[in-house]
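Below is one structure; the comments refer to it alone.
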Amino acid sequence: MPNGRTKVGSYRDLLVWQKGIALVKLVYQTSQTFPDGERFGLISQMRRAAVSVPSNIAEGQARYSTREFIHFVSNAEGSVAEVDTQLTIALELGFCKVADVKPVLDAIVELRKMLNALRRSLQERETQR
């Protein structure tokens, strides 16, 4: 493309979506060690929030307007914050140890940065129209 940007054919081409899928896997693996009594509580909540991250990215990219994409990226950012909060709760309740969840925490930090950068880029595109 003339401006140096790569054309995205599908949400699957987006690195941020791929990292979102990786977060889902990490959350599922980590939450397997939580007490069985949390299956319908914190485990379910964390997994839904994690699944929401790449789902919102996919839905937003599939929309026909940049404004809608921005909205769904913002939703994904909210879901990352939910996972972070729920992980903090799990740590506080002693369901896991910091060392056990470090890969999830690292993925959260990376996704926050990537989603923030994507949203800013989309907002710039929107204001240039």
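What do you get for the angle between helix 15-31 and the principal long axis of the chain? Use alpha-carbon atoms, 0 to 90 degrees, nearest ten.
It is inclined by approximately 10 degrees.
So, R0 is 30 Å and r is the distance between the beta-carbons of Gln123 and Lys25; what FRET efficiency does that work out to, to 0.05? Write out the running numbers ahead of the final one.
Details: r = 30 Å, r/R0 = 0.99.
Efficiency, rounded to the nearest 0.05: 0.50.
Return one number: the angle in degrees, 0 to 90 and rounded to the nearest 10, between the long axis of the Cα atoms of helix 66-92 and the longest principal axis of the Cα atoms of the chain.
Relative to the chain, helix 66-92 is tipped by roughly 20 degrees.
Provide the packing ranking of 106-112, 69-75, 120-126, 92-98, i.e. peptides ordered by the mean count of other C-beta atoms within 10 Å per residue, highest first.
In decreasing order of mean packing, 106-112, 69-75, 120-126, 92-98 become 69-75, 106-112, 120-126, 92-98.
Calculated from DSSP H runs of 4 or more alone, at -39500 (n - 2.57) each and per residue, what is the 222 nm mean residue ellipticity of the chain, nearest 500?
-26000 deg cm²/dmol
Multiplying the sequence separation of Val98 and Glu68 by 0.36 nm and subtracting their Cα-Cα distance, what value in nm do you get?
Extra length from Val98 to Glu68 when fully extended: 7.2 nm.
Does anyone have the angle between helix 98-127 and the longest principal axis of the chain? Alpha-carbon axes, 0 to 90°, nearest 10?
Taking the Cα atoms of the chain, the angle to 98-127 is about 20 degrees.
Read-outs: derived from the displayed coordinates by stated rules, not from any lab. The model shown is predicted, which means the values in this text are computed figures rather than measured ones. Ideal geometry is used to build each Cβ from the backbone, glycine not excepted, and the neighbour counts take in all protein chains shown.
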